[in-house]
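J.: Structure in structure tokens, see below.
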Amino acid sequence: MLRLGDVEVPVPVVLAPMAGITDVPFRRLVRSLDDGACLLTSEMVTARGLVEGDARTWSYVDLPRDLGTRSLQLYGSDPAVLGEAVAQLVAEDRVDHVDLNLGCPVPKITSGGGGAALPVKRRLLRAVLRAAVTAAAGRVPVTVKMRLGLDDDRLTHLDTAAIAVEEGVASVALHARTVEQGYADSARWDRIAELVRFVDGAVPVLGNGDVWLADDALRMVERTGCDGVVVGRGCLGRPWLFADLAAVFRGEQPAGPPPFAVTADLARQHLDLLLVHDDAAPESTVRRYRKHLRWYVLGYVERGSDLHDRAGRVDDRDEVEGVLRAIPPDATVLSAWRHAPRGKRSPGRVKLPHGWWDDRDEDVRVADPTGILSGG
């Protein structure tokens, strides 16, 4: 069991917040498979959007109680605004857990000093964390998710963890890549182990990066000593992964990659859930679903194959069925499926405000950009 403050998670597995992916339909699909075992975090929302009453931002605070712990990731770099947003969420009983985004690598965010750039400024970071924890008032746990730092020469994860512990954060999660790495190359699990030793049991440490199958999660825990895993891109097109993760952490045998008939059925269920949930024309929902369909078929067909490309052009339910029926029900995954990349793969760019690294302890205030962006 993973404990985050007063929140108990039956198995130490967390669904990473991913914009445009970890919406209610996807979380509902996962919940139907994992027997309520994992912590399912929603898409990221911006603190300023909440405080300003932006209807679109508030629409992302969609946390049905039947999906378990109401876990929300919040982005903000203005302590006053972030504190007000947390206070409002808690006062209105909207959340059971708040995770703070300290890892977003998107240049639009880091160039304003937010996301993965925020930990560079230690005083600002401390003010942000203190504001969130104070506003939560012990009623919900506050956690953080971060990256290693900007690049190999500018790492921030240990400083961030130290400040987080001092300010009362309930856990720290480390995506073991830098901003410069983006989502390329291998995650550096040795850095997760370093963080575990550094924190020395003060709070749980969660590892993130390259968990593609259930045995990857076990290897990460065994090699690093971390208290649990955060799964992002590894579950794209693979919602059954959470059932496997729940199984292995309970000492049971995972089912492993299923025949395509099982995957096709999950793909249909996912689309049905989206169609019920979306307040939009069915054609619009199907277009939003295209990326998911490409992930569902990837591994049973090669990336870039005609069928994979066709999955990215579907316009209606019949065309979705055409793609799914084109793959034999008994098809098994290709040999290269295990690490078939999901999502972004190219290295990232490090964009910061001018002189941002020069004095890490200067007092600064940064803009708090609005817009829903990736959780990093």
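J.: Report the residue count in the stretch 285-299 for those that are at pLDDT 95 or above and more than 21 Å from the chain's Cα centre (by Cα).
T.: The qualifying residues number 4.
J.: Counting just the residues of the stretch 1-48 that are open to solvent by 10 Å² or more (accessible area, probe 1.4 Å), part of a strand (DSSP E or B) and not acidic (D, E), which one comes out farthest from A202 (Cα to Cα)?
T.: Top of the filtered list is V14.
J.: Might you let me know whether the stretch 246-263 holds any residue that is farther than 30 Å from S171 by Cα, part of a helix (DSSP H, G or I) and open to solvent by 20 Å² or more (accessible area, probe 1.4 Å)?
T.: For the stretch 246-263, residues farther than 30 Å from S171 by Cα, part of a helix (DSSP H, G or I) and open to solvent by 20 Å² or more (accessible area, probe 1.4 Å): present.
J.: Among the listed residues L72, L82, which satisfies the condition of being modelled with pLDDT of 95 or more, closer than 22 Å to R139 by Cβ, open to solvent by less than 10 Å² (accessible area, probe 1.4 Å) and not in a strand (DSSP E or B)?
T.: None of the other options fit; the residue is L82.
J.: Would you mind finding the one in V95, V51, V61, V120 that is over 20 Å from the mean Cα position of the chain (by Cα), farther than 15 Å from V144 by Cβ and either open to solvent by 10 Å² or more (accessible area, probe 1.4 Å) or of a type in the set (A, V, I, L, M, F, W, C) (or both)?
T.: The conditions single out V51.
J.: For R130, indicate whether it is surrounded by fewer than 24 Cβ atoms within 10 Å (Cβ to Cβ), assigned to a loop (DSSP other than H, G, I, E, B) and out of contact with any Phe, Trp or Tyr (no Cβ under 8 Å at 6 or more places or on another chain).
T.: Answer is no for this residue.
J.: On the basis of being more than 17 Å from F260 (Cα to Cα) and either of a type in the set (A, V, I, L, M, F, W, C) or in contact (Cβ under 8 Å) with a residue 40 or more places away in the chain (or both), does V323 make the cut?
T.: No; evaluated as a whole, the condition is false for this residue.
The values are calculated or read from the model by the stated rules, or taken from the named source; none is laboratory data. Quick caveat, the model's predicted, so the values are computed rather than measured. Quick reminder, even Gly has a Cβ in these numbers, built from the backbone with ideal geometry, and neighbours come from all protein chains shown. Each accessible area value is taken on the protein alone, full model and side chains, heavy atoms only, with ligands, DNA and RNA left out. Shrake-Rupley method; radii C 1.70, N 1.55, O 1.52, S 1.80 Å.
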